[in-house]
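K.L.:
Take this structure first; my questions come after.
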């Protein structure tokens, strides 16, 4: 009972902070986010430790401890900025969207739409990934995003209300697959954030930063089964603005061996994502235990 009460107390405190962030000037809100992010780095030690461990594992031979600590602090600041921008989603419109984000590679989307089989957009927790959905919807691209239910329903309802203010609809992982197939059949986009080790979903082991990582197979399986294009897309933060980058479609392996093809195709899009994380290490969520699941 106490645990349940604490959830509600924290939720309503967060909503009060969200109201404050919503009404204050954007520059002030981002400054507040920077402070909160740094405080989180120094107080939420469990996740700060995981962040530092992962960064040292990947960049230990390339960067000094001072550089790694700087990147780690920036990671927490980026997440706090993401949260501030998410709260302010209702302020975004067709009028001001171009002042906040620019799309690089929209011609790729147009070319893939012309094939008429839909697009599986695969991305990761880099930059402000939540900006992707609202940007594509405001620009008139049809589709849905695949997501997981948040453990506390109040947070889940609030987050989805912010997304739906721009008609970004979520299909939960445990919903019927028909919902996703229907979108692709109507030549829409299905967006999937698939860069985490989630043992509750079907996955394969691929190389990620030189180490075997259990990775959701969904994007590759969907594209292979439906003929949809598999397109990596990332949103990179550039100061107070963002750049939505549409990368080249993944050339899908199709040897007839479904399992082997899934591994190859998952590796291909993961390699693209890894290349962006290497370029922008301070914008990825290193506090996730990305390599926790081991091969049998």
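The values are calculated or read from the model by the stated rules, or taken from the named source; none is laboratory data. Quick caveat: nothing in here was measured; it's all calculated off a predicted structure. Positions of Cβ are generated from backbone atoms using ideal geometry, with glycine treated the same way; all protein chains shown enter the neighbour counts.
K.L.:
Do we find a residue being farther than 29 Å from residue 154 by Cα, modelled with pLDDT of 95 or more, in contact with a strand residue (DSSP E or B) (Cβ under 7 Å, 6 or more places away or on another chain) and surrounded by fewer than 17 Cβ atoms within 10 Å (Cβ to Cβ) anywhere in segment 59-67?
P.N.:
There is no residue in segment 59-67 that is farther than 29 Å from residue 154 by Cα, modelled with pLDDT of 95 or more, in contact with a strand residue (DSSP E or B) (Cβ under 7 Å, 6 or more places away or on another chain) and surrounded by fewer than 17 Cβ atoms within 10 Å (Cβ to Cβ).
K.L.:
Exactly one of these conditions fails for residue 118: (1) in contact with a strand residue (DSSP E or B) (Cβ under 9 Å, 6 or more places away or on another chain); (2) surrounded by fewer than 22 Cβ atoms within 10 Å (Cβ to Cβ). Give me its number.
P.N.:
Against the list (1) in contact with a strand residue (DSSP E or B) (Cβ under 9 Å, 6 or more places away or on another chain); (2) surrounded by fewer than 22 Cβ atoms within 10 Å (Cβ to Cβ), residue 118 comes up short only on (2).
K.L.:
Filter segment 67-98 for residues that are outside any helix (DSSP H, G or I) and in contact (Cβ under 8 Å) with a residue 24 or more places away in the chain; which is farthest from residue 130 (Cα to Cα)?
P.N.:
If we take residues in segment 67-98 being outside any helix (DSSP H, G or I) and in contact (Cβ under 8 Å) with a residue 24 or more places away in the chain, then 94 is farthest from residue 130 (Cα to Cα).
K.L.:
Restricting attention to segment 176-200, which residues are surrounded by fewer than 15 Cβ atoms within 10 Å (Cβ to Cβ) and closer than 25 Å to residue 290 by Cα?
P.N.:
Correct list: 199, 200.
K.L.:
Let me ask something additional. Among the residues of segment 261-276, are any modelled with pLDDT of 95 or more and in a strand (DSSP E or B)? Lay out the reasoning, then the answer.
P.N.:
Step one: filter segment 261-276 for residues modelled with pLDDT of 95 or more, giving 261-276.
From the residues that got through so far, the ones that are in a strand (DSSP E or B) too are none.
No; the residues of segment 261-276 include none that is modelled with pLDDT of 95 or more and in a strand (DSSP E or B).
K.L.:
Still on this structure, please answer the following. Can you tell me which residues in segment 251-272 are touching a residue at least 60 places away in the same chain (Cβ under 8 Å) and under 18 Å from residue 109 (Cα atoms)?
P.N.:
Passing the criteria: only 269.
K.L.:
Do the conditions hold for residue 204, that is, is it over 30 Å from residue 5 (Cβ atoms), in contact with a helix residue (DSSP H, G or I) (Cβ under 9 Å, 6 or more places away or on another chain), part of a strand (DSSP E or B) and modelled with pLDDT of 95 or more?
P.N.:
Answer is yes for this residue.
K.L.:
Also: More than 13 Å from residue 34 (Cα to Cα), at pLDDT 95 or above and under 19 Å from the mean Cα position of the chain (by Cα): does that describe residue 101?
P.N.:
Answer is yes for this residue.
K.L.:
Being surrounded by 17 or more Cβ atoms within 10 Å (Cβ to Cβ) and out of contact with any strand residue (DSSP E or B) (no Cβ under 8 Å at 6 or more places or on another chain) is true for just one of 278, 268. Which residue is that?
P.N.:
Just a single option satisfies the conditions, and that option is 268.
K.L.:
I need a count of the residues in segment 109-137 that are in a loop (DSSP other than H, G, I, E, B) and touching a residue at least 60 places away in the same chain (Cβ under 8 Å).
P.N.:
Looking only at that region, the number is 9.
K.L.:
Going by the conditions given, is residue 206 more than 26 Å from residue 26 (Cβ to Cβ), surrounded by 17 or more Cβ atoms within 10 Å (Cβ to Cβ), in contact (Cβ under 8 Å) with a residue 12 or more places away in the chain and in contact with a strand residue (DSSP E or B) (Cβ under 6 Å, 6 or more places away or on another chain)?
P.N.:
Against the criterion (more than 26 Å from residue 26 (Cβ to Cβ), surrounded by 17 or more Cβ atoms within 10 Å (Cβ to Cβ), in contact (Cβ under 8 Å) with a residue 12 or more places away in the chain and in contact with a strand residue (DSSP E or B) (Cβ under 6 Å, 6 or more places away or on another chain)), residue 206 qualifies.
K.L.:
A further question follows. Among the residues of segment 221-250, what is the count of those that are touching a helix residue (DSSP H, G or I) at 6+ places or on another chain (Cβ under 7 Å), part of a loop (DSSP other than H, G, I, E, B) and surrounded by fewer than 18 Cβ atoms within 10 Å (Cβ to Cβ)?
P.N.:
2
K.L.:
Name the residues in segment 170-194 that are within 11 Å of residue 226 (Cβ to Cβ) and part of a strand (DSSP E or B), would you?
P.N.:
190
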